Every structure is written in C-alpha cells, then in structure tokens.
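Every read-out reported here was derived from the displayed coordinates using simple, explicitly stated rules and does not represent laboratory data. Here the structure is a predicted model, which means the values were calculated and not measured. Ideal geometry is used to build each Cβ from the backbone, glycine not excepted, and the neighbour counts take in all protein chains shown.
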Amino acid sequence: MKIQKYLFKALLSPEGWLEQAVVTVDSLGKIESIKQYIADETIDERVKGYVLPGFQNAHSHAFQYAMAGLAEYHEGQTDDFWSWRNAMYDLALRVSPEQLEAIATQLYAQMACMGYTAVAEFHYLHHQHNGKPFENTSEMGQSLMRAAQRAGLHLTLIPILYQQGGIHQPPTEKQRRFIHAEIEDFFTLIESSKQASSTFERVNIGIGAHSIRAVNLENLRRLVAYRLPNQAFHIHIAEQLKEVEDAQRNLKQRPVEWLFSNIEVDQHFHLVHATHITAKEMEMISTSQANVVICPSTEANLGDGIFPFNAFYAKNGNWSIGTDSHIGLNHLEELRWLDYGQRLIHHQRTSFIHQGQPDGAQNALISSWKGGRNAMGLSAAHFFEIGDYFDAVVIDASEPLIATTSLKHLCNTVLYAQNQSMIYGTISAGKWIVKQGKHQHAESINKNFVETIRKMANR
Ligand SMILES: [Zn+2]
C-alpha cells in the first residue's frame, strides 16, 4: 500500500474535534501524522465525513452468530438463560473448523459494517466433535484468525480454560468440545495459538477462564500465574442470579467477592457480565482498576439483569462493550441500551456525564474505546496516536440530520439519533474495509456463509 493522505471534514482527537483534518497513513496503514489542512496541499482522498476511533468489541463468541434469533420461538414452556444455553451447546457440538471460519468471517464483516475495527474473541470451542484435541491443537482458533484477517479486523483471540460443569461438578457430555481435563494441555493450546498468531499481522493472544463455575481455585491460580505481563485476562463473572446463588452455597461467597479474596485482581482483568454485584463488590472492582465488559443487548436478550452502571462510572470504573451472542451488532445501540436501562431505573438522563464533561456521547465513545483497547491487551493511551494503525469509523457528513448538526451536538446525534445510513464507512489499518455501507469482500463472504448455513440446516 502506498502512503495515503486523507482529508476529512473533522476528526475526533483526544483534545476535541479537529476540523479539516489531514491524516497521513504510511505503507503499513499506521498513522504518520494528523494535521489541519493547509490550502493547496496535495490530498489523495477527500472524504465528506466525520471520523471517530474504530469501535472495539470486547466480547464475542463467534459461532453463536449462527443461532442469532433462533432461541426466540417459545413453544409454551418458560424459557430462560439455561434453556438458551442448551440450544447453544447443540450448535457448539456441530460446528466444524471450516464452518466456524465461514460464520466468523460473515460476523466480523458485519461488525466492520457497524464500525467495529477490533474484536476480542472469548474462545472455548477447542476440540473435535468427539472431545479429542485436533491434530493441529489450535485449529479452531486459526479459523477465527483467518476470519478476522479476511474481514479486516484486529483480533484478540482469548483461549479459555473450561474444566467443570459447575462448581465442584464434572463437565457434562455436551461440554466435551470445551474441556481441558489437564491444565498443561491448555497451556499447549496457548503456545500453539501464539505461534499461529505470529503469522498474522493483526492478531494477538489473551488468556482467560470461562467462569468461577468452570475452573477450580488451584487451576485458576495457575492460569493467572501463567499469563504474560500486560496480557488481558478475561472471565465471565456474575451473569445470572443462579450463578451467584451457586457460589454462595458452594464457595460461601458471591462470585466477585470470591475472586478478589483468592486472586490478585489487577488492571489487566476483564470481568464479563459483572451484572449482579453489591456495593462492596463494585468498590473492589473500581479500586483494583479491573475492567468490566458489559454486553447490553445479550444481557437483555437472555434476561440476565442490569449492571449498576451509573454508580460504577461515577467511581471512574473502567468498562467496555461486547456483543457476546451477537443478537445485536450495533455499538451505538449497545451504548443506548446501557444508558436507557439506567435512565429508566434512576429517572435521570445523565448516565454518561462524567467528570464534568457535558458531552455524554463523547464520554461514552471514548470510555468504551479505552476499555475496549484494554480488553484487547493493546495500549489505550489515547486514540489516533501517531504510529498506531489508523482504525476509524466515518460518519456520513452528507446525511441530512448530520449535515445540519454542529460539532457540539455531533456525537450525541450519532449516538442517540443514528440509523445505519449515518455510517459512511470503516477504515482499518489505513484502508477502507467498508465504504458506503458495503464490505469490500461482501459478495464472496456472504456467499460462503449462506452455503455453509444451508448445509448446516440449523436455521
Ligand atoms: Zn460470553
């Protein structure tokens, strides 16, 4: 790729909006400079758009996209998280490495269309259908790496240790593809994943445990000790009330409380679905500078509960957004869900107002970007940093509502009054992967996905 000079109507920098922003991108797609336009300057591409940092998707289970919407046909019986989980296990038992690649490529391309430029994949579908390891240990993870590369996203692959069916419970037959009976075998998988990732430009490796249900204390400690400094550590923590009750019954503590009593939790921990926490547990999380990953559309879809966001953000808690089961893929909608849940509970309209900054949407976009970058295990010093890949979502400046909005109200208009047509395109590593709503490889990716799902015949 040759050096590219873009001119945008404005770019959101850490210091605020920079109008007439010229972004020079080097041959690797990294930012060489960001400056204001000088008259008669040579420009490669003039874009009628406003530039935001690319969205960061901090929690994904790619294979679950193949069942998005399927668990909504309720034949009379009550349906909850646990019946949804059974349907998810049935799907997990079927997916081959090739099918996973086709599903994940389609999913990641859809994420790109929604402005995501990075995804953290919480990956526990490790083994063959019979539960035995693949000959190529990280076969399934490599399907995800190829998918992200084809779709044009940065991928943080997080191999997940999964050993038990519940606290002090053996795994069930349906969980066999997730299970490493011996932690050493899991470490082999981590090393194999690292090695495979080194052949991809934009893949790095995190580490994690499925939940405190799925890994015992001894192995959780070994896993935490095994991680590299600065490596992101992910864990599902307190998604369902039953999960909290099980922990109280079997461990005599609530999940977050138990984790903090037994493990030295630091700023590299990412607690996914910290939905059910007490004030004391919230204090533990914010004091440790650990992060929470909130997945508003999935948490609503599964009937999990509402994370006490306002109190947490007021304590300067670190947070990010994930699309988890992919029932929703729209980052802006996730943020709205998060905000509106709090507005409905507290009868106030200021969930995202933070540290005296009155622009709620701007705060939400910046905080979720920072938390998201942390979740990827990438530097979150600030966005659009010189030397970083140029990853951006471009808002269409000719869309009538946007065209008539001042910079003062732009972020809020994008967040609260947007529809998909406001996104002009997505730039990843300095080049357009989505332009005018269309992914650069849409035809072949869609075709492969449709053929794959038709063969699977699960929909
Ligand atoms: Zn999850």
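For LYS280, the shell of other residues with beta-carbons less than 11 Å away shows a net charge of -2, using +1 for Lys and Arg and -1 for Asp and Glu.
Simple point charges give the picture: +1 on the Cβ of Lys and Arg, -1 on the Cβ of Asp and Glu, and for the chain a dipole about the Cα centre of about 260 debye.
In deg cm²/dmol, rounded to 500, what helix-only [θ] at 222 nm does the chain give when every DSSP H run of at least 4 residues adds -39500 (n - 2.57) and the total is split over its residues? Don't jump to the answer; show the numbers that get you there.
Numbers: 15 runs with 170 residues, N = 459.
About -11500 deg cm²/dmol.
For a test of the definition: using alpha carbon positions, the gyration tensor, and the 1.5 limit on a/c, classify region 63-157 as rounded, prolate or oblate. Here region 63-157 falls in the oblate category. What FRET efficiency, computed as 1/(1 + (r/R0)^6) with R0 = 60 Å and r the Cβ-Cβ distance, is obtained for ALA403 and HIS168, rounded to the nearest 0.05? Rounded to the nearest 0.05, the efficiency is 0.50. Of PRO171, PHE81, THR278, which is farthest on the positive side of the dipole of region 55-376, counting Cα position, with +1 on Lys and Arg Cβ, -1 on Asp and Glu Cβ, and the Cα centre as origin? Highest projection toward the positive end goes to THR278.
Can you tell me the FRET efficiency between ALA442 and LYS252 if r is taken as the Cβ-Cβ distance and R0 is 41 Å, rounded to the nearest 0.05? Could the numbers behind the result be given before it?
Numbers: r = 53 Å, r/R0 = 1.29.
So the FRET efficiency works out to roughly 0.20.
Placing pseudo-labels 7 Å out from each Cα toward the beta carbon at ARG454 and THR199 gives an inter-label distance of 3.1 nm.
Helix 279-288 and the longest principal axis of the C-alpha atoms of the chain enclose an angle of approximately 60°.
What length, rounded to one decimal in nm, is gained on full extension from MET1 through to LYS132, with 0.36 nm per residue of separation minus their alpha-carbon distance? Intermediate results must be reported in sequence, preceding the final value.
Working: separation 131, 0.36 × 131 = 47.16 nm, distance 4.25 nm.
Answer, rounded to one decimal: 42.9 nm.
Helix 442-456: angle to the longest alpha-carbon principal axis of the chain, degrees 0 to 90, nearest 10? Roughly 20 degrees, rounded to the nearest 10. Please name whichever of ILE345, TRP258, VAL293 sits farthest to the positive end of the charge dipole of region 258-350, dipole taken about the Cα centre and charges placed at Cβ: Lys and Arg +1, Asp and Glu -1. Ranked along the dipole, the leading option is ILE345. Look at where the Cα atoms of region 16-90 and of region 338-369 average out, and the two centres are 20 Å apart.
Between region 277-333 and region 174-231, the alpha-carbon centres lie 23 Å apart.
Judged by the gyration tensor of its Cα atoms, with axes a ≥ b ≥ c, region 350-405 is oblate; a/c meets the 1.5 cut and b/c is at least as large as a/b. What the pair-distance distribution of region 166-315 shows, using all Cα-Cα distances binned every 10 Å from zero, is 10, 38, 36, 15, 1 percent.
Compute the signed sum of charges (Lys and Arg +1, Asp and Glu -1) over the other residues within less than 12 Å, Cβ to Cβ, of THR188. Present the calculation step by step, with values, prior to reporting the outcome.
Details: positive: LYS194; negative: GLU182, GLU184, ASP185, GLU191.
Counting the neighbours of THR188, the net charge comes to -3.
The angle between the Cα long axis of helix 331-346 and the longest principal axis of the Cα atoms of the chain comes to about 70 degrees, rounded to the nearest 10. Extension gain, GLN357 to ASP185, is 57.1 nm, computed as 0.36 nm per intervening residue step minus the present C-alpha separation. In this structure the amide hydrogen of ASN318, modeled in the peptide plane, comes within under 5 Å of the amide hydrogens of VAL292, none closer than 5 places in sequence on its chain.
In a shell of Cβ-Cβ distance under 10 Å around ALA147, excluding ALA147 itself, what net charge do Lys and Arg (+1) and Asp and Glu (-1) give?
Details: positive: ARG146, ARG150; negative: GLU101, GLU121.
Computed value for this residue: 0.
Rounded to whole Å and ordered largest first, report the semi-axes of the equivalent ellipsoid of region 37-85 derived from its Cα gyration tensor (root of 5λ). Walk me through the intermediate numbers first.
Values: eigenvalues 478, 28, 18 Å².
In descending order the semi-axes read 49, 12, 10 Å.
Classify region 55-376 as rounded, prolate or oblate, taking a ≥ b ≥ c as the square roots of the eigenvalues of its Cα gyration tensor: rounded when a/c is under 1.5, otherwise prolate if a/b is larger than b/c and oblate if not. Here region 55-376 falls in the rounded category.
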